[in-house]
Each structure stands twice: as structure tokens, then as C-alpha cells.
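The values are calculated or read from the model by the stated rules, or taken from the named source; none is laboratory data. Keep in mind it's a predicted model, so treat the numbers as computed, not measured. Glycine also receives a Cβ, built like all others from the backbone with ideal geometry; neighbour counts cover every protein chain displayed.
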Amino acid sequence: MQTNTIGSLTVSAVGLGCNNFGGRIDAARTDEVVAAALEAGITLFDTADIYGGTRSEELLGRALGDRRDEAVIASKFGAASPENGVAGGAGPDYVRQAVDDSLRRLGTDRIDLYQLHTPDDATPIIDTLEALDGLVQAGKVREVGCSNFDAAQIDEAHKAAADRNVAAFVSVQNRYSVLHREPEQGVTQACRRHGMGLLPYFPLEGGMLTGKYRPGEDAPEGSRLAGMGQRAERFRNARNVEVTEHLRAFCVQRGHTVLELAFSWLLAQSTVPSVIAGATSAKQVKGNVAASGWQLTDDELAEVDTITGAVSHPR
């Protein structure tokens, strides 16, 4: 599989999102999914301290076992989950506590990419960055990143890091897909300014881009959107349904699937080093990896822009 870089890290072009671990799937299924990912050449595993009620990190660490060194582990801190004893925030003392908790759950001595899950308006960003720099100096963390930051917040964080000569964010993880192109209104440009990677979450828009949902039909039983109730409107709404059908026709004309478009379109963006997608089975893992091989032409990318109503930006 193709590899790219995030800071000093080398990662697979397709990564595995671990938010299902300890929630939608148990330890045994987690083992199967992680083994399938390693077999398929996936090296980037993205989790967070709150995923699976804090069990995701634990199950990922156990599933990797003695193959830990084959993986680039990305985790996150800062989002609150009071019911699971996770306070959240980005204050220096909490940063140091959170990393030790995550290292213990993962059963490892370092986290390769440690990401602030959400901005903390109560804490000056330089305080967080200095604490993270201390973790890098201590060898507990290799690189640091952020998530859910807008362009102004990214710029502020990079200026603060440069002013104090501390570790800067090498990545930002935001919602981004061929259907949801909000990052192109500032975040992708900030990534280029600062040499950052953009790691998309919801690359399949909750399953809309898997091809399993059709207009006028109920969501298939057991699917992600079927269990979301009204919250599914975030992904399955009139606009997304219509655009997805146009994208489906575009793909069929070229002998491809919407799933292939979802992965391959993101990987055609110069700011995207890896597409992280969740999976609940070995079959899904293999399907995601296989979907990443479509090399879209400039004309095809321009046509996708027209279909989605997006303004084309330099890739």
C-alpha cells in the first residue's frame, strides 16, 4: 500500500479508525479487525481516550500485542466523558495525566501521534503546547496534532509554537469527505501554510458513501444510520441523497463504485496523508483498502467538483 508522511511518521494511505472497539464490537472481533488491517498493510490506527467508554485503547493495545512496532498509534485527549471518568480539557496537568492513562490502557511506552480532540477555550494554546512538548521531550509522544480546529486556531497554535520553540501540530483531524467540503474554506489552506496533514473523519459520511443506502428505502437493518434515529439526518439528508446518486452515476460510467470514489478522491487531495475509516469486520477492512486505488484524472476531479457544487481549490 502507498505510504505518506505526517511529520516524522510514515503512515499507510488507508488507516483504521478504532471508535468501534469496545462499543459496536467486542474484544474478539477487535482482534480480527486489527489482524486483518495489519495483513492488508494498514499501519495507522486512530483511537481516543473516550472511544468505547475508554475501552478502545485497551482493546487496540491487546490486539496489537507483540506487533506494536508495526503500528503507528494515534490517540486523542481533551474531550470529556464524565460517565467514564474522563474530565477532558487541555490544561497542562490534565495533559500529563491523560497521556499516562492512555499509555497504560494501550500497554505501550509511547503514542506516535497525540492529538487534542477539541479546542479548549479555557486554556491558552501555548500552555497546552508546552505540556505536549514536555511529553515529546520525555519520549512519551512522537508527534502532536489537533482535531476540530478551524484555520484561525491552527494559525494561532503554529505562531505560539514558533514563538516558544516548542513542538507544533503536524496534523489536524476534521470532518472531510467528497460530500462535506467545509475544510476547503480555510483549513486546507492553513495545512499548506504550515506543512500539516489533514486527517479526514467521517470519510464515508456515516455510510452514505458505501453505496448501501438508496433513495426512498429504509436504512438496512444493522447499519450505522439505522441505529441513529433523527441524528442520521446529519448524513442522510435530501442534499446528500441527491448528490450521492449523481456521484453513483459518475462512478458507474467509469466502472467504479462510490466507495472507491470516497477513498480515492480524498487521497487525491495533497493535504491528506491517510484516510481513516472504521470497520467492524475483516471484510470491511479489506474492502476499504481495495477502494483506495482509483487514480482520478484532473478532468474527473473537476467533474466531481461540479456534481458536489464545490469551488475547486488547488490540490
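Quick look at the values:
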read-out	value
Among residues of the stretch 249-264, those that are among the basic types (Lys, Arg) and within 24 Å of the chain's Cα centre (by Cα), counted	0
Count - residues of the stretch 235-263 that are modelled with pLDDT of 95 or more, of a type in the set (Gly, Ala, Ser) and either touching a His at 6+ places or on another chain (Cβ under 8 Å) or surrounded by fewer than 18 Cβ atoms within 10 Å (Cβ to Cβ) (or both)	2
2 or more residues within 25 Å of residue 18 (Cβ to Cβ) and aromatic (Phe, Trp, Tyr): qualifying helices (runs of 4 or more DSSP H) within the stretch 250-315	258-267
Breaking point among (1) at pLDDT 95 or above; (2) within 19 Å of residue 173 (Cα to Cα), for residue 104	(2)
Tally, over the stretch 107-128, of residues that are free of Cβ contacts under 8 Å to residues at least 40 places away in the same chain, crowded, with 21+ Cβ neighbours inside 10 Å and either in a helix (DSSP H, G or I) or among the acidic types (Asp, Glu) (or both)	2
Subset of the stretch 154-193 [more than 24 Å from residue 263 (Cβ to Cβ) and surrounded by 18 or more Cβ atoms within 10 Å (Cβ to Cβ)]	154, 157, 158, 160, 161, 166, 167, 168, 169
Residue check for residue 8: under 25 Å from residue 275 (Cβ atoms), surrounded by fewer than 19 Cβ atoms within 10 Å (Cβ to Cβ) and at pLDDT 95 or above	yes
Scope the stretch 278-307; condition among the β-branched types (Val, Ile, Thr), farther than 26 Å from residue 42 by Cβ and surrounded by 14 or more Cβ atoms within 10 Å (Cβ to Cβ); matching residues	307
Residue within the stretch 40-52 that is charged (D, E, K, R), buried (at least 21 other Cβ atoms within 10 Å of the Cβ) and in contact with a helix residue (DSSP H, G or I) (Cβ under 8 Å, 6 or more places away or on another chain) present	yes
